[in-house]
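The values are calculated or read from the model by the stated rules, or taken from the named source; none is laboratory data. For clarity, every value in this text was computed on a predicted model and none was experimentally measured. With ideal geometry, Cβ positions are generated from the backbone for all residues, glycine too; neighbour counts draw on all protein chains shown. When the accessible area is computed, the model is the full protein with side chains, heavy atoms only, and any ligands, DNA or RNA have been set aside. Shrake-Rupley method; radii C 1.70, N 1.55, O 1.52, S 1.80 Å.
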Amino acid sequence: MLKIVNVLLAIFIIFTVWIPYTRIFMTDIGWGTIVVFLASMALCYTSMDTYRKDKSKLSIVTLIIGLSPFILIFVVFLLAFIIKPAP
């Protein structure tokens, strides 16, 4: 049952973070970022719990998907410091 919840949360995070037409993360919608952060933290917790029990590769993939909003923020800040703005 927990694997199904992990997969559904992973699909939700992929749609709300990476697909442009359904993206609500880091846009003008104020509640979207909070919902995605809560869902990604829940996904990280449940996938680590599932990995401790089953040791499956699906749990590692869902953990990486759960960390993807944080990875996106890190990459954006890294690029902002590396790339100089055009004059």
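The table for this structure:
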{"item": "Residue in the range 74-82 that is part of a helix (DSSP H, G or I) and surrounded by 13 or more Cβ atoms within 10 Å (Cβ to Cβ) present", "result": "no"}
{"item": "Selection from the range 1-60 of residues that are farther than 15 Å from residue 71 by Cα and not in a helix (DSSP H, G or I)", "result": "1, 19, 23, 24, 27, 28, 29, 55, 56"}
{"item": "Given (1) of a type in the set (Ser, Thr, Tyr); (2) open to solvent by 70 Å² or more (accessible area, probe 1.4 Å); (3) under 13 Å from the mean Cα position of the chain (by Cα), number of the condition residue 68 does not satisfy", "result": "(2)"}
{"item": "Residue in the range 38-55 that is farthest from the chain's Cα centre (by Cα), counting only those that are exposed (fewer than 14 other Cβ atoms within 10 Å of the Cβ) and not charged (D, E, K, R)", "result": "45"}
{"item": "Number of the condition not met by residue 18 [criteria: (1) free of Cβ contacts under 8 Å to residues at least 40 places away in the same chain; (2) open to solvent by 80 Å² or more (accessible area, probe 1.4 Å)]", "result": "(1)"}
{"item": "Every residue from the range 40-67 that is small (Gly, Ala, Ser) and at pLDDT 90 or above", "result": "40, 42, 47, 66"}
